[in-house]
Amino acid sequence: MINLIINDQKVSVQAGTTVLAAAKKLKINIPTLCNHDDLCVAGNCRVCIVEQKGARTLIASCATPATEGMEIHTNTLKVRNARKHIVELLLSEHRSDCTKCYKNQNCELQSLANEFAFGDHIFLDLVEDKKYSIDRSSPSFIKDDSKCIRCQRCVRTCSELQYISAIAVANKGAHQKISSFHDRPMSHVVCTNCGQCVNRCPTGALVEKTYIDQVWDAIYDPDKHVVVQTAPAVRVALGEDLGYDPGERVTGKMVNALKQLGFNSVLDTDFSADLTIMEEGTELLVRLKKALVDGDTKVSLPMFTSCSPGWIKFIEHKYPEFLPNLSTCKSPQQMFGALAKTYYAKKRNIDPSKIVSVSIMPCTAKKFEADRPEMRASGYKDVDYVLTTRELAVMIKQAGLDFRNLEEAIYDSIMGESTGAAVIFGATGGVMEAALRTAYEIVTGREVPFGNLNITPVRGMDGVKEASIKIEGCVEAWSFLEGAELKIAIAHGLVNANKIMKLVKEGNAPYHFIEIMACPGGCIGGGGQPIPTNMQIRKNRMKAIYSEDENMVLRKSHLNPEVVAIYKEFLDKPNSHKSHELLHTHYVERDNF
Amino acid sequence: MYQVGNLVKELSDKHGRVRESLMPILQEIVQKHNYLNDEAMVEVARELDISAAEVYGTASFYTFLDTQVKGKYVIRVCKTITCSMKGKSDIIHTIEDMLKIRVGETTTDKQFSLIETNCIGWCHKAPAILINELPYTELTPEKVSEIIKDYMQK
Amino acid sequence: MENTGLNKVDLIFEKIDNKEVLAKAFKMTKEEIIKEVLDSGLKGRGGAGFPTGMKWKFTSEEKSPEKYIVCNADEGEPGTFKDREILDRVSNKVHGGMAIAGKAIGAKKGVVYLRGEYRYMLPKLMIELTSFHKMIKEIGYDFNIEYRMGSGAYICGEESALFESIEGKRGEPRNKPPYPTVSGLFEKPTSINNVETLVTAMMIVKHGAKNFIQYGTKDSRGSKVFSVSGDTPTPGIFELELGMTVLQFVDEFGDGDTKAVQVGGASGFCVPRKKFAETIIGFEGVPTGGSMKLFNSSRSMYNVLHNYLDFFTEESCGQCTPCRVGCQQLLKGVEKVKKGEAKSTYLNELMKLADSMKIAAKCGLGQSVGNAFKSIVGNFKEEIIY
C-alpha cells in the first residue's frame, strides 16, 4: 500500500492509484473534465490540477499515480487561480449559448463555470474568430465544433471502446480539432452512429439529433394515428433522467406517461423481439441443417445477430466480406415498424398512410437504421421517428407530468405482449439467451438445462463471452443435431466485436452463432441512454433487466401469445415468404474511412 | 499526375505494416508527390490497419505532411524572428510577384507553392527559405529571384 | 555567483581519433562511464538541463532486455542551429556519444530523430553512419543506430512527444511520470539526449571529468555551443565557457547598440540592457540550449513578442488547455492592447495567465511560454502598450 497525505488527511491506496482516486477515497472532490471512468487517462484538460509539496508545477491528479509520502493540497490559492484560468480559457473557445443548448443543465463545463467562472469573463472571446463548423449530416447526432473543449473523450471512446476511430484529433495548436477523415461529413465516414461519444461528451458538442417536435406535431395532428414502441432497455434507464437512481425499473409509469403524452397506442418492441427470436432462431437452425445434413458448403457460419444497427454498420464498413454471415433478420425495431403499417393497420382497420410510427430507443444508431432505404417494407417509412431514452424524458418534462406519482399502466394491444426473453435483449448476451431458450426447446422438446431458465454463462460484463451447449435427446425432426455441441460467442462494445471478427477472419472462431451488440453492456449502455454512464450504472441497469425478466409470467419467446397469433393469422411460419418480405433485409458494403 | 498506384503497397513492404512506419511512409509519399491526397491516406490506413481519420489526424499535425494540393516545388519562407527582422517580407514579395501567387497558394501549373514556416535553423544566415528539402540562405530579393528563375527553368 | 568571463573553447569540434576514444570507452565498465559523466556535472545541452549522468544512471538501473538511446536532433527552438552544425561537421562524434551512452545504460539500439527541416543532410549522414557502423564492428562492439525524420513540428523536441512521433503518432507530450528512463520509446527504458550532450559526454570520457570541471561554474560546468544571431556583426556558432555575463557576451557579439538579448530562444528569457551586467548565462542565471538573439534599439520588442506568441500559438500541440488556449489569449491580448482596444491593465491579467500556464500546462512548451512573455512585457511594457 502507498501512504500519502491529501489536505492534511492520511490515506492508503494500492500502488497505481491516481491522486484523483485517492482523494475520492477521502471524499475530497476534485473537478475533472477530460477524465472518464470508461476511458484511458488523458490528462489534457488540466482542470484536476492539484499542488504537490515540493513539485515545481501543479500536477494533474487524474494522470499522476500516488507515491509514498506524497503531500497533496487540492484547494490552495495557486490551485484555485490556475483552475479558474483553465475554466475561463475553455469558455473563451466555447460558444456559450447555454439557454439554447440541448445540454443546458446537463453540461459538465456549465457546472464548472458555475463554480469557477461566474460573472464577467477575464479573457477575450475567441469563438467569433474561429470558423467552427456544425455537422448535421448524420441522422443520429450533431457534431458542433463550437461547443467542443477538445477533451478528446469522444476520440478515446471511438478508438478504445469502439475500435472505429471515425473521429480523431487533427491539426495542432490553435487549429487543433476533432475531425473525421479530412473533415468529411459524419454521414460519409465509418461512423456507426452508436452514440457512445454522445454519451461521454461533457458539453453540447456531440448530441443526438432530436425529433421531439416532429413527434409532438404528429401527436397533435388529428388525422394521424401515432403508435409508439419502447425498446427493452429504455424501461430500466429512463428513470435516471427523471430523478431515479440507476437500475430502477419504471416500465408501468413509462407506459402511462406515453399514454398521457397522447400516443394513440403504446406498444412494445419486446413483441417484435420475441418475433426476432422465432425468425432468427429458425434461420440459425436452417443454416445448421444445410451445413450439417445437406453438406452445403456455401452456408455462411458462424451466423451473427443483426439487432444492433451500430454493429451492422461496423461490419458493413470493416468486414464486408462477412455480410452473408449476418442474420437477415431485421432488428426488432424495424420488424415492429414493418408490421405496424401492415398487420397492425389491417387488424385495427387503420389506413397505413395515416399511421405515424415512433420508437423509443436506448440508441442513436436506430435513427440511422430507420432511415435506411431498405426499411420501407410496408410501402411507407416503417419507423417514422426514433427518439432516445433521453428525448422521451424531455417530452415527459415538457408535458409537465409528475412521473414519480403516475399510476402504472400496461401496454396496449395488439403488439404489446412480451416475454422475459424479449426483455433481456437489452443486455449483452440477452439475444443469445432468448434464442437458446427457444431453439433448444424446439430441437429437444425440453427446456434449456439451466436453473430457472437463467443461462448465466452468457451473462455479465466480460467483453467476449463463450459457451457451448451439448444437444442431446433431439426430437425427430432435428435428430441430425443429436450429440452436436452448439458453440456460441458474445461480444459487446465494438472493440470486442473486432476481436471476434479477427478470429473469424483468421478462421480461428469455432462458433456457430455469435451475438454482437455495438454498445458496452448491450443496449442498456446504448448511445441514447441517460448521461452519465459508467460501469456501475450499466451494471445496475443490467440487474434491473434480469429482474424484469424473472418477474415475467412468460419467459420464452415462442410462448408469446401475440407471436403465436401473428404466425397463425398473418405470417404463416418463421422464415415464410411473408416473413422474408417484411421482417428480413439485406446489407451493403461501405467504405472503410 | 498524382497516381498512388502501388506506391503505398511498396512503401508498406519496405517499412513494415506497423504503426511506427506511418511517418516514414507518409514522408516518402510527400517526397514523391509533394502532398498527401485522400486516396493515398486511405491506402495507408488500409495497409497499416489503422483508421483513415487517424492517418489524417497524424498527418495534419506535421507541417511538412501537407494534405492540400501542393506544387512540384514547395517554397517555405521562414517567418520566425530573425528572418522576419532581416527582410523576410521582401523575399516573400519578390516570390509573390514572380509566381503571381500569394502566401498559401499554388501556381495554376502546379509547379510552385509558397508558404510561410516556423524557424528552419538558419538564423545566422537570415533570411532563409527551403525549396523542398534544400535550404537557401542570406537571401536578398535579387538572390531569391535568381534562384526561383533557375527552378522555373527546371 | 561565479563569473568566468568570455572564453572560447574547442571541445565539440576538436579533432579526435574516434576509434581510439570509443575503444577506450568500450573497455570501461558502465559504472565507470556513468561515474565519469556524473563527476563532470554535465547537464543536458538541449535546454532543460537535466544532469546527464543521472539520466544514464536511472536508465541503466532499469531491468529490461530492451532499452533505447535516443538522440534528440529535433532542434526547433528559434535561434538554435548548433545541432545542425555539429551533425554536419562531427556526426561521428554524435554517433560515438550514442554508442557510449548505449554502453552505459545497456542499450544496443540508438535512434536519431532529425528534424524534417534538416532532411537535406540525410544522404551525407547515411554515408557517415555506414562507416561508423563498420568502425564499431571492427572494435567488436554491437550497437546499431537508425535515423528517423521529423516532419515540421517544434513540439517533437519535447522528449515524450518525440517518442510518440517515432511511434507514428501525433507528437503530443505524454503524462509524466512515468519518465523516459523508466518508460520511453516503445515504453522501454530510454535515455534521450541532445546532440551536443552526446558529443560532450564523449569528450568527457576522452579527457576525463576533471578536465571538464575546470571550465564553467559550480552550477554550469564546462562549455557549450552557442548559436548567435540577430543584430550582431558576427552571427554563427561559438563554443564558449559557461558562466559569462550577458554583458560580456554583448561586448563580444553586440553591434554597439544592443538593447536586449533573448537567451534560450522563444521559450527562454529576454534580458534587457539594464540587467546585462548582473545576469549570468547558465543554470544559475538564464539557462540556454544555445540560442542567443541580440536586438538593437531599432527593433520593436512588441514585434519580437508577437512573433514568439504567433510561433507558440501554431506550434503548441493543442492537447492541453493552458497551452492551446493560453497562447491564443496571450497573442490576441497583446494585439488588442497594442491597438488600444484593450486597456493596458489587461496586461496584468495576461501576466497572471502566463503564471498559470507555467504551473498548469502539461509539458515544457506550455510551461515556458510565460518566460518570454513575462520577461518582454515586464521589461518593455512601454513598447507593448498603445
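Other residues whose C-beta falls under 13 angstrom from the C-beta of A:Pro31 contribute a net charge of +3, scoring Lys and Arg +1 and Asp and Glu -1.
A helix-only calculation puts chain B at -13500 deg cm²/dmol for mean residue ellipticity at 222 nm, using -39500 (n - 2.57) for each DSSP H run of at least four residues, averaged over all residues. Between the C-alpha center of the range A:323-369 and that of the range A:467-545 there is a gap of 24 Å. Inter-part distance, the range B:77-154 to the range C:304-331, computed on C-alpha centroids, equals 25 Å.
Would you mind computing, in nm to one decimal, how far apart the modelled labels at A:Arg136 and A:Val588 are, each placed 7 Å from Cα along Cα→Cβ? Taking the two extended label points, one gets 2.3 nm. For the range A:22-159, state what percent of all Cα-Cα pairs lands in each successive 10 Å bin, counting from 0 Å until the bin that includes the largest distance. Pairs per bin, as whole percents: 10, 37, 34, 15, 4, 0.
Taking 37 °C and 0.692 mPa s as conditions, the range C:101-234 diffuses translationally at an estimated 191 µm²/s according to Stokes-Einstein applied to its Kirkwood radius (Cα pairs).
I'd like the FRET efficiency for A:Arg404 and B:Glu105, computed as 1/(1 + (r/R0)^6) with the beta carbon distance as r and R0 of 60 Å, rounded to 0.05.
Result of the calculation: an efficiency of 0.40.
When chain A is described by a simple charge dipole with +1 on each Lys and Arg Cβ and -1 on each Asp and Glu Cβ, the residue from A:Ile149, A:Gln105, A:Phe263 located farthest towards its positive end is A:Ile149.
Each Lys and Arg contributes +1 and each Asp and Glu -1, all at the Cβ; summed about the Cα centre of chain A, the dipole is approximately 1320 debye.
Per residue, the convex hull spanned by the Cα atoms of the range B:73-153 measures out at 73 cubic angstrom. Look at the stretch B:81-89: the mean tally of other chain Cβ atoms within 10 Å of its residues' Cβ atoms is 6. Neighbours of B:Gln68, meaning other residues whose beta-carbon lies under 13 angstrom from its beta-carbon, give a summed charge of -2 when Lys and Arg score +1 and Asp and Glu score -1. Among the trypsin sites (Lys or Arg not before Pro) found in the range A:1-80, those both in a DSSP coil and sparsely packed, with 10 or fewer other Cβ atoms within 10 Å of their Cβ, are A:Lys27, A:Lys53, A:Arg56.
The Cα atoms of chain C cover 68, 43, 36 Å along the three principal axes, with the biggest extent listed first.
Note on chain A: helix-only mean residue ellipticity at 222 nm, from DSSP H runs of 4+ residues weighted -39500 (n - 2.57) and normalised by residue number, equals -9000 deg cm²/dmol. DSSP beta bridges confined to the protein assembly as shown are antiparallel in about 50 percent of cases.
For the protein assembly as shown, what mean projected area does the convex hull of the alpha carbons give, in nm²?
Details: hull surface 194.3 nm².
For the Cα atoms of the protein assembly as shown, the hull's average projected area reads 48.6 nm².
Calculation over all alpha carbon pairs of the range A:528-567 in 5 angstrom steps from 0 returns a P(r) of 6, 18, 17, 16, 13, 13, 11, 6, 1 percent.
So if I place +1 on the C-beta of Lys and Arg and -1 on the C-beta of Asp and Glu, and nothing else carries charge, what would the dipole magnitude of the range C:18-212 be about its Cα centre? I want it in debye, nearest 20.
420 debye
Too long at a 32 Å Cα-Cα cut-off: which of B:Lys9/B:Lys72; A:Lys78/C:Lys67; A:Lys143/A:Lys330; B:Lys125/C:Lys210; A:Lys289/B:Lys9? Result: A:Lys78/C:Lys67; B:Lys125/C:Lys210; A:Lys289/B:Lys9 exceed 32 Å. If you take the Cα centroid of the range A:200-225 and the Cα centroid of the range A:229-257, the two points sit 18 Å apart.
Phi angles of the range A:334-341 translate, via the Karplus equation with coefficients 6.51, -1.76, 1.60 and θ = phi - 60°, into HN-Hα couplings of 7, 4, 4, x, 5, 7, 4, 9 Hz per residue; Gly and Pro are given as x. Net charge in the neighbourhood of C:Glu164 (other residues with Cβ under 9 Å of its Cβ; Lys, Arg +1, Asp, Glu -1) is +1.
Note on A:Lys298 and C:Glu2: their simple-model spin labels are 8.7 nm apart, each label 7 Å out from Cα toward Cβ.
For the range C:74-173, which trypsin sites (Lys or Arg not before Pro) pass both filters: DSSP loop (anything but H, G, I, E, B) and at most 12 other C-beta atoms within 10 Å? Sites meeting the loop and neighbour criteria: none at all.
Legend: residue pairs B:Lys32/B:Lys86; A:Lys130/A:Lys209; C:Lys43/C:Lys82, Cα-Cα distance threshold 28 Å; pairs beyond threshold, B:Lys32/B:Lys86.
The GluC sites (Glu not before Pro) of the range A:53-145 meeting both criteria, a DSSP state outside H, G, I, E and B (loop) and at most 13 other C-beta atoms within 10 angstrom of the site's C-beta, are A:Glu68, A:Glu128. Beta bridges from DSSP with both residues in the range B:73-153: antiparallel share about 55 percent, rounded to the nearest 5.
All Cα-Cα distances of chain B, cut into 5 Å bins from zero to the largest, leave 2, 9, 19, 19, 16, 13, 11, 8, 4, 0 percent in each bin in turn. Modelled this way, with points 7 Å down the Cα-to-C-beta line, the labels at A:Ile212 and C:Lys339 are 3.9 nm from one another.
Per-residue ellipticity at 222 nm, computed for chain C from helices alone with -39500 (n - 2.57) per DSSP H run of at least four residues, works out to -14000 deg cm²/dmol.
Every read-out reported here was derived from the displayed coordinates using simple, explicitly stated rules and does not represent laboratory data. Since the structure is predicted, the reported quantities are computational estimates derived from the model, not experimental observations. Backbone-built Cβ (ideal geometry, glycine too); neighbour counts: all protein chains shown.
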